[in-house]
Structure formats: structure tokens, C-alpha cells
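J.: To start, I am sharing the structure in question, which I have written as C-alpha cells.
Values quoted throughout were computed directly from the atomic coordinates according to the rules given, and no laboratory measurement underlies them. It should be emphasised that the depicted structure is a prediction, and the values quoted were computed from it without experimental measurement. Note that we place each Cβ from the backbone using ideal geometry, even for glycine, and neighbour counts take in every protein chain shown.
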Amino acid sequence: MHHLKKDDPRLAALVEQEATRIETTLDLIAAESHSPRSIMEVLGSILNTKTIEGYPGRRFHAGCVNVDEIENIAIRRAKRLFGAQYANVQPHSGTSANLAVYFSVLNVGDRILSMGLPYGGHLSHGHKASITSKCFEFTHYGVDPQTERIDYDQVRKLALQVKPRMIVAGASSYPRLIDYEKIAAIAEEVHAYSFADMAHLAGLVAGKVIPSPVPCCDFVTFTTYKTMMGGRGGVILAKDEFGQRLNSAVFPGCQGTSAVNLIAAKALIFKLAGEPRFIEIQRKTLENAVVLARLLDEQGYRIISGGTDNHQILVDLTAKGLKGAAAEKVLEYVGIVLNRNVIPRDATTPGSVSGLRLGSAGITARGMGQPEMVQIADMINAVLSQPENPAELDRVKDQVKALCRQFPVYA
């Protein structure tokens, strides 16, 4: 980064500090992973220069001969990878993609049924803090209080009562598989659109280690980072019949110019996702999450829903006498980076955050496997068992650094 160092030494120093932080800490944030170097190269390429509006062959600026081909490649690869009839690769983010889906077929004020935030849903699924709640009338379903899994009978009952125009399947902190076929069947019964948000799960779906919502849902959105391991941005998959309305909802409906470098990074990760290394990482991501959840359970931590079927683990800290924020802070001190998270029990006590959310994608991308999950579980337990013991915290901090040296992000 010699040009950056010359133009802005302070900013360059912060970038280098971030690179060091990433290399010397364990990334257990479920919404993060580590991208290949080629993704970094295309994100920082000359493609940042080009302004595009519209779609390939129908742009509102000249000079698009190369970027048209890049976007067409990304579209073709997305459709082939996920078996979709239609793909739009322009959304800036997962939330942008979700907004485009809503506005492609719904009117302001229409009813939508989705998972509530405390149970695992996302802000863009109608949370009061999101603009989505100001545009549409949301009803939220939750989970069975005993199993902490989606109660599909409750979803059907609510759908019959509310008569929504759309039912959303998808979550940002739900560790179990979602039965997309059941959601789609309920939607069909009440004459609603079915929409799956697989932002967290796209890499696992691409690697074919968990079921895909594409065959049964009208709309599917996802992000290209998280388990997908690519650059930032969102993607919409759908049935062909919705293509024109979706195109118009993305541009000019919800956004203006698209980022060509992000579109190119999407094209690249769709290629890499078909290769053996990516598929093996997805398989091990699933395996590592299951092992880590079991180990933490054996050490006395209550695991929400009793385990995991994807890359996420939700831990209830109540029995340990800790709050999520305090646990997050002390774990970050030793180099274990994750996030505090609401859990189903917090739905009855608004503002309370009693859990932690862990993800296995980042550590798996570094090459870690089951032996390392044992070490990580032991380190987490050591810290949370003695959060105010400086000597123990420093001991674990040294262990974290040693483990990170064995598995560099970028060797």
C-alpha cells in the first residue's frame, strides 16, 4: 500500500493495524469469514472507476463494454451455482436486496409474516427500528418455547389469521435448518409470496451441505460475504416471472449506480464456490460448528435449541450469571471475537441480551478443525469461568496468539 502510505499515513497505519488484528485473533462472528486474496484484488481494482446505471446492454452511460460482460458473467454463474431461473447481482447489501423484493410485488401497507428478531429474525424483516416496519404491516412468528425451533403449526395459524401477502423464511441468528417447503406450502395456501433470506447460509447452500430454498420459494436473497466468503453485497434469485419487476425495484427503485468492483467479486466467488476447496470448507464449517456446540454443552453452557444444523451457535449465559455484553468484552480482550445476541427468552424482557452468537466460518477458512475446536471451547470456558482473573485472561490471550500463528489467514 505504498500509495496509501504516501497520501494518508494515518489511514494506512489503521489498515495495517486491522490486518494485524485479524491475523492475531479468532473470528467467531457468524456474519464474517476470510476472503481469498483474489477477492481483495478485484475489490481494489480499476473497476472502482466505472459508473453504471441500468442493466447490461441498456445502460445510461457509455463505456460499459467490459463491465456489461462482467455483470453477465456474474448473473450466469449465480444462476448456475444455485439452480435459479433469474438473478440480480446489483444490490449493495442484503437489506437492499430485501427491500427490492418487498417493493417488486407489494404495496405500502401490505401485510408480511416473518420471524421476530428475538427468535432469530433480521432487522429488515420488519423490526421497529427498520424502515421496513414503516412501509409494511409485519406480524412475527417465533419458536416453540420448549424446543426453541420454528413451530410451523404456529406459522400456519398466524398466516390463516393475518392473510399476509408475503411470508419470509430466514434468520440472522437461528441455528437450525428451515423447512422451506413447509413455508412455501403455507404461503401457497394463503395465496402469499414465499421469500427466503439465506444471507448467513449461502455458502453452505452453494457447497450443497444444507438444503436450498431456491426450488420452492418465489424469492431468495443472500449476501456474498459471511459463509459465502466473497466481497460485500447482496444478490436476488427468483423465478423468471418476477424478473422484470425485480430489475425495476433494484434500479431505479431502491438504488442508483451499482458498484462494479462488488459485482466482479460476486462473479469471482460464484466461480470459486464450485471448486473442491470451497466445498470442503463448507463441509468443515458445518462439522466444526456441531463439535464446538457439543463441547460447550459438555462444559455446562446451555445451547439454544440443543445444538446447530448450520454455522451458528447460540449460547444462553443466564446460568453462568453473565450478560452477553460483559462476556463479549472479556472474550475480545483475549482475542476471541464474537457478538452478544438476544435469545428467545429475551423476548419477554425487552432490552435484555442474555446470549452469545458464535460462527464457525472464519476459523474454518483458516484451516482449523476438530482439535482446534477443543482448544477454542476450553479457552472460552476458561475466560467466562474467571472473567476477573487477569493472570488467567493473559494466559488465554497467549494461547489465542499461538493458535493464530499456527493457522495464518494469509500465509
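J.: Along each of the three principal axes of the Cα atoms of the stretch 122-210, give the extent in whole Å, ordering the values from largest to smallest.
T.: Answer, in whole Å and largest first: 35, 28, 28 Å.
J.: Taking just the C-alpha trace of the stretch 192-239, give me its Rg and Dmax in Å.
T.: Cα radius of gyration and Dmax of the stretch 192-239 are 10.3, 33 Å respectively.
J.: Treat every Asp and Glu Cβ in the stretch 169-239 as -1 and every Lys and Arg Cβ as +1, leave all other atoms uncharged, and give the resulting dipole magnitude about the Cα centre to the nearest 20 debye.
T.: That gives a dipole near 360 debye.
J.: OK, next. Find which of 341, 96, 292 sits farthest along the positive direction of the dipole of the chain, computed with +1 on the beta-carbon of Lys and Arg, -1 on that of Asp and Glu, about the Cα centre.
T.: Checking the options against the dipole of the chain, the answer is 96.
J.: Please give the net charge around residue 64, taking every other residue with its beta carbon less than 15 angstrom from that of residue 64, where Lys and Arg add +1 and Asp and Glu add -1.
T.: Once all neighbours under 15 Å are counted, the net charge is -1.
J.: Under Stokes-Einstein, with the Kirkwood radius over Cα pairs standing in for Rh, what whole-number D in µm²/s applies to the chain at 10 °C and 1.306 mPa s?
T.: 72
J.: How large is the dipole of the chain about the Cα centre if only Lys and Arg carry +1 and Asp and Glu carry -1, each at its Cβ, rounded to the nearest 20 debye?
T.: 600
J.: Using a Cα-Cα cut-off of under 22 Å, which lysines could be cross-linked to residue 208, ignoring same-chain neighbours fewer than 8 residues away?
T.: Within reach: 79, 182, 226, 239, 266, 271, 284.
J.: Report the calculated FRET efficiency for residue 21 and residue 279 (r = Cβ-Cβ distance, R0 = 30 Å), to the nearest 0.05.
T.: So, using R0 = 30 Å, E works out to roughly 0.55.
J.: What would the Debye equation give as log₁₀ I(q)/I(0) for the stretch 248-289 at q = 0.21, 0.28, 0.35 Å⁻¹, counting only Cα atoms as equal point scatterers?
T.: Debye output, listed in q order: -0.73, -0.91, -1.02.
J.: Cβ under 15 Å from residue 137's Cβ, residue 137 left aside: what net charge do those residues give with Lys, Arg +1 and Asp, Glu -1?
T.: In short, +4.
J.: Take the Cα gyration tensor of the stretch 279-406, multiply each eigenvalue by 5, square-root it, and list the three semi-axes largest first, rounded to whole angstrom.
T.: Value: 22, 20, 11 Å, ordered largest first.
J.: What per residue convex hull volume, in Å³, do the alpha-carbon atoms of the stretch 214-273 yield?
T.: Dividing the Cα hull volume of the stretch 214-273 by its residues yields 96 Å³.
J.: So what are the radius of gyration and Dmax for the Cα set of the stretch 173-326, in Å?
T.: Rg, Dmax (Cα atoms, Å): 18.1, 53.
J.: Return, for the Cα atoms of the stretch 290-346, the radius of gyration and Dmax in Å, separated by a comma.
T.: 11.2, 29
J.: Beyond 18 Å, what share of the Cα-Cα pairs of the stretch 1-49 is found? Please give it as a whole percent.
T.: Every Cα pair in the stretch 1-49 considered, those over 18 Å come to 48 percent.
J.: Moving on to the next point. Please report, in debye to the nearest 20, how large the charge dipole of the stretch 110-192 is about its Cα centre when each Lys and Arg carries +1 at its beta carbon and each Asp and Glu carries -1 there.
T.: Computed charge dipole of the stretch 110-192: roughly 280 debye.
J.: Report the relative contact order of the chain, percent, no decimals, based on alpha-carbon pairs under 8 angstrom and at least 6 residues apart.
T.: 23
J.: Report relative contact order for the stretch 41-272 in percent, whole number only (criteria: Cα-Cα under 8 Å, sequence separation at least 6).
T.: After rounding, I find 31 percent.
J.: Right, next: Using only helices, what value at 222 nm comes out for the chain when you add -39,500 (n - 2.57) per DSSP H run of length 4 or more and divide by the total residues, to the nearest 500 deg cm²/dmol?
T.: Calculated at 222 nm, the ellipticity per residue is -13500 deg cm²/dmol.
J.: Name the residue farthest towards the positive end of the dipole of the chain from the options 234, 202, 376, assuming +1 on Cβ of Lys and Arg, -1 on Cβ of Asp and Glu, about the Cα centre.
T.: Farthest along the dipole direction, towards plus: 234.
J.: What is the stretch 302-400's relative contact order, in percent, from Cα pairs under 8 angstrom and six or more apart in sequence?
T.: In percent, rounded to a whole number, it is 28.
J.: Inverting the mean 1/r over all pairs of different Cα atoms, compute the Kirkwood radius of the stretch 41-272 and quote it in Å.
T.: In the stretch 41-272 this quantity evaluates to 17.8 Å.
J.: Which length gain, in nm to one decimal place, applies between residue 62 and residue 8 when the Cα-Cα distance is subtracted from 0.36 nm times their residue separation?
T.: Extra length available between residue 62 and residue 8 comes to 16.2 nm.
J.: Can you list the GluC sites (Glu not before Pro) in the stretch 315-411 that are in a DSSP coil and have 11 or fewer other beta carbons within 10 angstrom?
T.: Answer by residue number: 388.
J.: Next question. Students often forget the sequence filter, so: which aspartates and glutamates lie under 14 Å Cα-Cα from residue 163 once same-chain residues fewer than 8 apart are removed?
T.: The reachable aspartates and glutamates, counting only those whose Cα sits under 14 Å from residue 163, are 110, 137, 188, 189.
J.: Still on this model: By how many nm would the segment from residue 41 to residue 370 grow when fully extended, if each residue of separation counts as 0.36 nm and the alpha-carbon distance is taken off?
T.: Length gained between residue 41 and residue 370: 115.3 nm.
J.: Quick one: Kirkwood hydrodynamic radius for the stretch 355-411, alpha-carbon pairs, angstrom, one decimal?
T.: For the stretch 355-411, inverting the mean 1/r across all distinct Cα pairs yields 12.3 Å.
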